[in-house]
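Participant: The structure follows.
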Amino acid sequence: MEVKEINKDIYDVDAWLDEGLGKENTPEREKNREKAWEEYNAQILFDARKNAGLTQSELAKRIGADKAYISRIERGLTVPSVSALYRIAAAMGLTVELRHI
């Protein structure tokens, strides 16, 4: 993807995003938006585990899973079920809060 230069100080970022992620309100853009949220949440869980001072193996043991499962979650390859997310949070001494937006 290359940002289209309109003039030397202005770039068309919308066109750049449309090219790389799909146009707004298309299935392609929604798929990319969903993938971005999955990666964002994976990073949050990774950071929380590190802050809790746990290894992947230790966290996995606490929730009754294997290290590979935790690794897949942290890389955004697997999205944990709601019940697994609650177990992961509890194992790190955290809570999950649901809010109405």
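The values are calculated or read from the model by the stated rules, or taken from the named source; none is laboratory data. If you're wondering where the values come from, they're calculated on a predicted model, not measured in any experiment. Cβ: placed from backbone, ideal geometry, glycine included. Neighbour counts: every protein chain shown. SASA here: full protein model, heavy atoms, side chains in, ligands and nucleic acids out. Shrake-Rupley method; radii C 1.70, N 1.55, O 1.52, S 1.80 Å.
Participant: Under a 1.4 Å probe, what is the accessible area of the chain per residue, stated in Å²?
Facilitator: Computed with neighbouring chains in place, this is 76 Å² per residue.
Participant: Ok, one more. Between Glu39 and Asp12, what is the FRET efficiency for a Förster distance of 35 Å, r being their Cβ-Cβ separation, to the nearest 0.05?
Facilitator: So, using R0 = 35 Å, E works out to roughly 0.85.
Participant: Also, I was wondering about something else. Of [x] 36, 14, 13; [y] 26, 19, 15; [z] 17, 15, 14, which is the value of semi-axes √(5λ) of the Cα gyration tensor in Å derived from the coordinates here?
Facilitator: Comparing each candidate, only [x] matches the computed number.
Participant: Which of Gly93, Val13, Asn32 sits closest to the plus end of the dipole of the chain, meaning its Cα is farthest towards the positive end, when Lys and Arg get +1 and Asp and Glu get -1 on the C-beta?
Facilitator: Going by the Cα projections, it comes out as Gly93.
Participant: A further question on this structure: Using a 1.4 Å probe on the protein chains only, how many percent of the accessible area of the chain belongs to carbon and sulfur?
Facilitator: Heavy-atom surface of the chain belonging to carbon and sulfur, 1.4 Å probe: 54 percent.
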